[in-house]
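The block underneath contains the structure these notes are about, expressed in structure tokens.
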Amino acid sequence: MDRAVCPRCGSRAHAPTVWSSAWRCDLHGEVSPLAPTRLPSPDGLRWLARRARVPVWLPWPLPTGWLVSGFTGAGDERTGATASAVALSGPNPLGGPADLVIVAEEPGVGLGAGLAGLAGPDPGDGFASRAPNATVKIGNHEAPLWLVESAGKAVFAGEVEASWLWLVFWPDTAGALLVEPLPLRDLRHPEQDLDLPFGALSTRLPA
């Protein structure tokens with residue numbers, strides 16, 4: 001993986017050297033390198049699902065008209081994928097096209113925060129100190145999400161299975177998809193035989 005970038009800022013990440021086994025960003029120091037985006041295809045999904053140490057979340061059933069539009073993950077051969085990202089594209093409930101990236105990540109990776117435009121790697125001080133703004137449904141349980149301030153997009157974050165969950169919508173009005181709890185599936189589970197509809201590669205993934 002020689003073309004990895006920083007998950008927080010998208011800058012080129014420097015590979016390990018004889019002095020350090022860590023990938024590094026000039027701005028953020030040691031990082032989990034974000035791999036080049038994988039095409040929206042069964043092979044792209046298998047690549048991510050095999051490596052992921054965190055869930056690979058997908059809304060299922062998909063909202064009407066939505067397509068899967070790419071995959072990526074952060075981490076290297078030593079760590080496996082400490083973050084996963086699934087991109088989707090479809091109609092905005094309030095009109096026009098929309099994009100969504102769903103991120104699951106271990107604390108401190110910073111991919112979701114980078115997409116949200118936050119300075120730190122996690123949602124920040126005061127997060128979850130008020131009533132939640134939305135929920136997702138995982139199995140028979142609902143998990144709360146909180147709105148994170150971000151310009152030009154709607155960003156929701158929460159904690160599921162000891163990892164951060166981020167839903168990042170472009171434009172911000174597409175967050176209306178969360179008026180009702182969005183059901184999520186973890187695509188790592190091989191017994192699921194889902195016939196996923198794939199679309200064109202998303203431009204929203206930083207790698």
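The values are calculated or read from the model by the stated rules, or taken from the named source; none is laboratory data. Because the structure is a prediction, the values reported are computed rather than measured. As a convention, Cβ positions derive from the backbone with ideal geometry for all residues, glycine included, and neighbour counts pool all protein chains shown. For the accessible areas, the whole protein counts, side chains as well, though only heavy atoms, and no ligand, DNA or RNA atoms are used. Shrake-Rupley method; radii C 1.70, N 1.55, O 1.52, S 1.80 Å.
Note on the chain: Cα-only Rg and Dmax are 16.1, 53 Å.
Longest stretch of the chain clear of exposed loop sites (GluC sites (Glu not before Pro), DSSP loop, at most 16 other Cβ atoms within 10 Å, sites excluded): 1-76.
The spacing between segment 144-163 and segment 48-67, judged by their C-alpha centroids, is 17 Å. Only helices enter this figure: runs of n ≥ 4 DSSP H residues, each worth -39500 (n - 2.57), summed and divided by the residues of the chain, yield -2000 deg cm²/dmol at 222 nm to the nearest 500. Ordered by solvent-accessible area of protein heavy atoms (1.4 Å probe), largest first, the residues ARG12, ARG46 come out as ARG12, ARG46. Amide H contacts of VAL160 (H built 1.01 Å from N, in plane; Pro and chain starts excluded): LEU165 sit under 5 Å, all sequence-distant by 5 or more or on other chains. As a fraction of the 1.4 Å probe accessible area of the chain, surface on carbon and sulfur atoms comes out at 52 percent. Annotation: per residue accessible area for the chain equals 48 Å², rounded to a whole number [probe 1.4 Å, protein chains only]. The trypsin sites (Lys or Arg not before Pro) found in segment 128-207 that occupy coil by DSSP, while having at most 16 further C-beta atoms within 10 Å, are ARG130. With respect to the chain, whose longest principal axis is taken over its alpha-carbon atoms, helix 42-51 is tilted by about 60°.
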